[in-house]
Amino acid sequence: MLTAETLQKIRRIDLRTRRLVDETFAGAYHSIFKGRGIEFDAVRPYEPGDDVRDIDWNVTARTGTPFIKRYVEERELTVMLALDISASSFFGTQTRQKRDTAVELGAVLAYSAIRNQDRVGLLLFTDQVELYVAPHKGRNHVLRLIRDLMAAQPGHTGTDLSLGLRTVNRLLKRRAIVFLMSDFLAAGESYAQDLLQTARRHDLIGVVLSDPLEAAWPKASLVALRDAETGETAWGDTASLAWRENFMRSARRFREARDTVLSQAQVDRIDVPTNGDYVLALTRFFQGRARR
């Protein structure tokens, strides 16, 4: 059951993300995510400057007045928000956790989709499928997705990105826009093949969630570092320059390996650290796609 505090958070997110979509993202979303083609809509009287190749000769012959065919974009698309809610998603040393960022970003994407008459669905996964909500339209549906994003209590702690990708491929029979939101804290070789297959079948965008402390540690003292997913604990002497430099090198190698996997699959990405601005990150993504 949702608490009063959670319901209040849902209302705040609803108001904030709807305003962002209305003011900023609805048009950008429409311009970069195109429908599957065009379809015939109706005929209208010919006007000077119209392309003569669009003249409907049958109607013109019947009426004695030139008419042209009017086409509209076959708009309806399917958007799937696939969110890794393993234990590491609850990490955050700044103003919010990675999960909080994913909730608001997911709400913006969902509202952008329904504003353009597209369907949006949700997949929450760890090393198991935690929740699947089939794609639908409408504001009430988006409110349900926001509620599910905020209220989900995963039954498992581990990460299996391949499971999430395979589930998307199994459930979505037609090409869709898939936002894979994760911190990608898994060995690249464990999901590289499924990432490549999903990118071939769908328009796959990786949303990379991160926290600054995962890249570098400040000078402090002896600290216990606990893996939220495995429960294993290791000690780190953050006062030691050698330890901090070794940590940064290891983190950099891990990021480079992850980036290589995403690049080889030709997956577009949105980088959103917990101390960053997801609005700016999403704006840059839309602008970059529009230029291409």
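The values are calculated or read from the model by the stated rules, or taken from the named source; none is laboratory data. Remember, it's a predicted structure, so these values are computed and weren't measured experimentally. Here the Cβ is made from the backbone with ideal geometry for all residues, glycine too, and neighbour counts use every protein chain on show.
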| Out of all the residues in the stretch 273-282, is one or more crowded, with 16+ Cβ neighbours inside 10 Å and part of a strand (DSSP E or B)? | yes
| note | Scanning the stretch 127-142 residue by residue, the ones that are within 18 Å of Lys9 (Cβ to Cβ), within 17 Å of the chain's Cα centre (by Cα) and either polar (S, T, N, Q) or surrounded by fewer than 17 Cβ atoms within 10 Å (Cβ to Cβ) (or both) total 0
| Scanning for something touching a helix residue (DSSP H, G or I) at 6+ places or on another chain (Cβ under 8 Å), within 24 Å of Met80 (Cα to Cα), part of a helix (DSSP H, G or I) and not β-branched (Val, Ile, Thr), does the stretch 200-222 turn up at least one residue? | yes
| query | Which number in (1) loosely packed, with under 13 Cβ neighbours inside 10 Å; (2) under 24 Å from the mean Cα position of the chain (by Cα) marks the one condition that Asp268 misses? | reply | (1)
| query | Under the condition of being in a strand (DSSP E or B) and more than 33 Å from the chain's Cα centre (by Cα), which residue from the stretch 225-257 is surrounded by the most Cβ atoms within 10 Å (Cβ to Cβ)? | reply | Gly236
| When residues of the stretch 111-126 are limited to those that are over 10 Å from Met80 (Cα atoms) and modelled with pLDDT of 95 or more, the one surrounded by the most Cβ atoms within 10 Å (Cβ to Cβ) | Phe125
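Residue-wise test of (1) under 17 Å from the mean Cα position of the chain (by Cα); (2) of a type in the set (Lys, Arg); (3) buried (at least 20 other Cβ atoms within 10 Å of the Cβ).
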site	(1), (2), (3)
Leu161	yes, no, yes
Leu165	yes, no, yes
Arg175	yes, yes, no
Asp183	yes, no, yes
Gly188	no, no, no
Tyr191	no, no, yes
Leu195	yes, no, yes
Gly206	yes, no, yes
Ser210	yes, no, yes
